[in-house]
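This report concerns only the one structure given below.
The values are calculated or read from the model by the stated rules, or taken from the named source; none is laboratory data. Quantities reported herein were computed from a predicted structural model and do not represent experimental measurements. Quick reminder, even Gly has a Cβ in these numbers, built from the backbone with ideal geometry, and neighbours come from all protein chains shown.
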Amino acid sequence: MQSLSSICSLPEVARTPVGAEVYRGLTGLPKTLSPWLFYDERGSELFEAITELPEYYLTRTERAIFTTYADEILDAAADRKRVKMIELGAGTATKTGLLLEAAVRRQETVDYLAIDVSESALAAAQQRIESEIPGVNVISRIGDYTEGIEEIPAAGQRRMALYIGSSIGNFEPSDAVQVLRELRRRLVPGDKLLLGADRVKERSVLLRAYDDAAGVTAAFNQNVLTRINRELGANFNLRLFRHRARWNHEHSRIEMHLESLIAQHVAIPALDLEIKFGRGETIHTENSYKFTASSISSIVERAGFAMTRCWTDEHEWFGVYLATA
Ligand code: AVJ
């Protein structure tokens, strides 16, 4: 815990979300930065590029599962009612289109509430879906996760909350339970959760997905330093911090780090900080948890849902799980 006086004497910038996170992460030990810092404009572009890399199987595999099973998923979710879809962290909602098309086949029209923190991503998603999939009524809400899904569904409606793309993997398991529990609180019994979560697999496949040959993931990781240089006036030298991806077997997660290649000091003027790095010391920038059917079921059930069904691909590389509130 920091004393109140030390908080009050911090520069103004330390109270912005980015300033506060960088202050917290780089003054603590081990040094960490939260993955939400990746997603400035350039970072979002780099992430889109990652999803198209040959090594990054996640997006393509989840899309293949939806392509094969969208109708089955909608049937299982609907309980013969009309489905209404709500997507948490909708982003550009490219894979969601497959589920929306299946909903339109079933019931002709579907209400789709897209929630995301990025206004530009939401606007683009809304435009594309409305023009490409007639029958979808898109409502978009800027916000974090479960904001904006308070209202009780109309009689005869079944709500299906989508939390896809293995976004859940960025959370420590106990935080993942909290996030889903918060969602559960805003649903009524019978409502559904459709969760996409990456699966444990051979280590070399995992490592390649987070350290691709073209270096796009390395650029994505290092971009956080560029962002800190730009927004907080820091002087990180990108050539002196190397991208590292590690498999942490004990915690069943891929970790991304930025490793300092030499002993060095970095100044962050906006935070009045001088950060010291030892040679080989890292900033831990991301955890990407990988699940078994049983580890994800345990999280879903601790959050108050009952696991209902699951779908996977031929290699069992990615899982799509339907749970009932
Ligand atoms: C967006 C959190 C699902 O963990 O695979 C991609 C982010 N990080 N490459 C993931 C990411 C490095 C991604 N998630």
Legend entry - Selection count where residues are farther than 15 Å from Gly28 by Cα and out of contact with any Lys or Arg (no Cβ under 6 Å at 6 or more places or on another chain), scope the range 269-287: 6
Inset, instruction - Mind listing whichever residues of the range 31-50 are β-branched (Val, Ile, Thr) and either more than 13 Å from the ligand (Cβ to nearest atom) or surrounded by fewer than 17 Cβ atoms within 10 Å (Cβ to Cβ) (or both)? - result: Thr32
Legend entry - Condition check for Leu180: of a type in the set (A, V, I, L, M) and modelled with pLDDT of 95 or more: yes
Inset, instruction - Can you tell me which residue within the range 253-273, out of those that are surrounded by fewer than 16 Cβ atoms within 10 Å (Cβ to Cβ) and in contact with a strand residue (DSSP E or B) (Cβ under 7 Å, 6 or more places away or on another chain), is nearest to Glu172 (Cα to Cα)? - result: Glu259
Inset, instruction - Inspect the range 314-321 for any residue being outside any strand (DSSP E or B), among the hydrophobic types (A, V, I, L, M, F, W, C), modelled with pLDDT of 95 or more and touching a Ser or Thr at 6+ places or on another chain (Cβ under 7 Å) and give the result as yes or no. - result: yes
Legend entry - Neighbours by Cβ (under 6 Å, 6+ apart or cross-chain): first from the range 156-177, farther than 17 Å from Asp79 by Cα; second within 15 Å of the ligand (Cβ to nearest atom) and of a type in the set (Ser, Thr, Tyr): Gly169/Ser288; Gly169/Tyr289
Legend entry - Condition met for Tyr321 (touching a Gly at 6+ places or on another chain (Cβ under 7 Å), in contact (Cβ under 8 Å) with a residue 60 or more places away in the chain, crowded, with 20+ Cβ neighbours inside 10 Å and hydroxyl-bearing (Ser, Thr, Tyr)): no
Inset, instruction - Specify the residue that is nearest to Ala114 (Cα to Cα); the eligible residues are those in the range 137-177 that are at pLDDT below 95 and hydrophobic (A, V, I, L, M, F, W, C). - result: Ile139
Inset, instruction - Kindly indicate whether any position in the range 213-232 is over 28 Å from Val13 (Cα atoms), within 12 Å of the ligand (Cβ to nearest atom), modelled with pLDDT of 95 or more and surrounded by fewer than 21 Cβ atoms within 10 Å (Cβ to Cβ). - result: yes
Legend entry - Conditions (1) surrounded by 15 or more Cβ atoms within 10 Å (Cβ to Cβ); (2) away from the ligand (no atom under 16 Å from the Cβ): number failed by Lys276: (1)
